[in-house]
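The block underneath contains the structure these notes are about, expressed in structure tokens.
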Amino acid sequence: MLRALAVDDEEPALEELLYLLGGDPRVGTVVPALDAGEALRVLERAMAAGPDGPEAVDVVFLDINMPGLGGLDLADLLGGFAAPPLIVFVTAHEDFALRAFDLKAVDYLLKPLRKERFAEAVRRVAELTRAGQGPRPPAGQGGPGPEPAGALGDQVPVELGGVTRFVPIADITYVEAHGDYARLHTRQGSHLVRIPLSTLEEQWRSRGFVRIHRSRLVALGRIEELRLDGGNLTVRIGDRILAVSRRNARELRDLLARRAQGAGGAPR
């Protein structure tokens, strides 16, 4: 049975969380908190009592936009705990999804909550807890197991028809800007997310993404050809030919050359 902490500064929203958690047979105890400060005190007592103590918490269902210490700030603090609880964000704002999954959130639920979608988040938490990914070790083990392959920090949440899907960043070949949105392209299709291209450029630089145009990022490892035709530089990714702007051409050439030399080859 899961031990949950529900955190929201608005009483009607907190009551809804308590109602949904209380009606799920996988949830045992539920503790409410009206702000992140109160939640932090609850969690500090839980940590002091140990993973099997009476006040232990397996998962925090956490609002983001709260006065004072916000939900993202609290999640960041919990990342420093020796055995932090799992986190499910519950918010009316789409804009923080990428940051939330960088903080290793299990799920990101948008208000107004749907019962089926909420139950799916609880199912994920229960599975991770059984596998030893929460503060409690699995039966017969002395500590949490390794982080599973494809952890949510390596995926992008995509809302489609009220269902959240998770696209592995490793599957993304290139990204196009659409105002405050970005379209993520994979071999299988594309997905529109409400994340500015500049944010993705900053956060995915270490993952091998580079800007080739003011409106495009590409994954270096997905570039199959570099072409120069009449002074115009392009790259080929699968069956797509993408233009490279003059201001980005030099950096792209240098990165591809270093990548090829590191692999023992030469850039095409």
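The values are calculated or read from the model by the stated rules, or taken from the named source; none is laboratory data. Since the model is a prediction, treat every value here as computed from it, not as a measurement. No Cβ is skipped: glycine too gets one built from the backbone with ideal geometry, and neighbour counts run over all protein chains shown. The area values use the complete protein model at the heavy-atom level, side chains included, leaving out ligands, DNA and RNA. Shrake-Rupley method; radii C 1.70, N 1.55, O 1.52, S 1.80 Å.
Screening Ile172 against (1) hydrophobic (A, V, I, L, M, F, W, C); (2) at pLDDT 90 or above; (3) touching a His at 6+ places or on another chain (Cβ under 6 Å) leaves a single unmet condition, (3). Of the residues making up region 197-220, those that are in contact (Cβ under 8 Å) with a residue 24 or more places away in the chain and loosely packed, with under 12 Cβ neighbours inside 10 Å number 1. Considering only region 224-233, I want to know if a residue exists there that is outside any strand (DSSP E or B), over 23 Å from Pro168 (Cβ atoms), over 29 Å from the mean Cα position of the chain (by Cα) and not hydroxyl-bearing (Ser, Thr, Tyr). Yes, that holds for at least one residue.
Within region 48-67, residues that are in contact (Cβ under 8 Å) with a residue 24 or more places away in the chain have Cβ atoms under 8 Å from residues that are of a type in the set (Lys, Arg) and assigned to a loop (DSSP other than H, G, I, E, B) in these pairs: Pro51/Arg136; Asp52/Arg136; Ala56/Arg136; Asp58/Arg136, counting only partners at least 6 apart in sequence or on another chain. Under the condition of being over 25 Å from Gly132 (Cα atoms) and modelled with pLDDT under 65, which residue from region 145-169 is most open to solvent (accessible area, probe 1.4 Å)? Here the residue is Leu160. Output yes when any residue across region 68-76 is without any contact (Cβ under 8 Å) to a residue 60 or more places away in the chain, over 25 Å from the mean Cα position of the chain (by Cα) and closer than 26 Å to Glu120 by Cβ, and no when none is. Looking through region 68-76, none of the residues is without any contact (Cβ under 8 Å) to a residue 60 or more places away in the chain, over 25 Å from the mean Cα position of the chain (by Cα) and closer than 26 Å to Glu120 by Cβ. Of the strands (runs of 3 or more DSSP E) entirely within region 50-118, those holding at least 1 residues that are open to solvent by less than 10 Å² (accessible area, probe 1.4 Å) and closer than 18 Å to Asp154 by Cα occupy 86-91, 107-110.
For region 175-186, check the following and say yes or no: at least one residue is farther than 18 Å from Gln155 by Cα and open to solvent by less than 80 Å² (accessible area, probe 1.4 Å). Yes, region 175-186 contains at least one residue that is farther than 18 Å from Gln155 by Cα and open to solvent by less than 80 Å² (accessible area, probe 1.4 Å). When Gly50 is tested against the conditions (1) at pLDDT 90 or above; (2) farther than 20 Å from Glu127 by Cβ, the lone failure is (1).
On the given criteria, is Glu16 part of a helix (DSSP H, G or I), touching an Asp or Glu at 6+ places or on another chain (Cβ under 9 Å) and open to solvent by 70 Å² or more (accessible area, probe 1.4 Å)? Yes; evaluated as a whole, the condition is true for this residue.
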